[in-house]
């Protein structure tokens with residue numbers, strides 16, 4: 001799970017394994033695999049770092065893999 005922040009300032013936890021797409025229009029919108037969307041304060045780079053950290057924590061990727069492999 002990663003912590004993200006709604007535009008109203010309320011934080012919530014989101015299962016990063018269900019994220020299908022992240023876009024900025026200019027607000028950052030996360031689309032899950034089931035089609036549900038969340039608009040959050042974090043930018044795409046911040047989300048990418050949180051997701052990679054989460055993947056490392058649950059050992060989906062190794063510690064040797066860098067962020068550039070996912071760009």
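The values are calculated or read from the model by the stated rules, or taken from the named source; none is laboratory data. Predicted model only: the values in this text are computed from it and were never measured. Neighbour counts are summed over all protein chains in view; Cβ atoms, including those assigned to glycine, are modelled from backbone coordinates with ideal geometry.
Within segment 2-21, being within 9 Å of the chain's Cα centre (by Cα) and part of a loop (DSSP other than H, G, I, E, B) holds for one residue alone: 15.
Here residue 54 clears all of (1) touching a strand residue (DSSP E or B) at 6+ places or on another chain (Cβ under 8 Å); (2) modelled with pLDDT under 95; (3) loosely packed, with under 12 Cβ neighbours inside 10 Å except the condition numbered (3).
Among the residues of segment 22-42, how many are assigned to a loop (DSSP other than H, G, I, E, B) and either farther than 14 Å from residue 2 by Cα or at pLDDT below 95 (or both)?
In the first step, residues of segment 22-42 are kept if they are assigned to a loop (DSSP other than H, G, I, E, B); the result is 25-27, 33-36, 41-42.
Among the residues that remain, those that are also either farther than 14 Å from residue 2 by Cα or at pLDDT below 95 (or both) are: 25-27, 33-36.
Residues that pass the stated criteria total 7.
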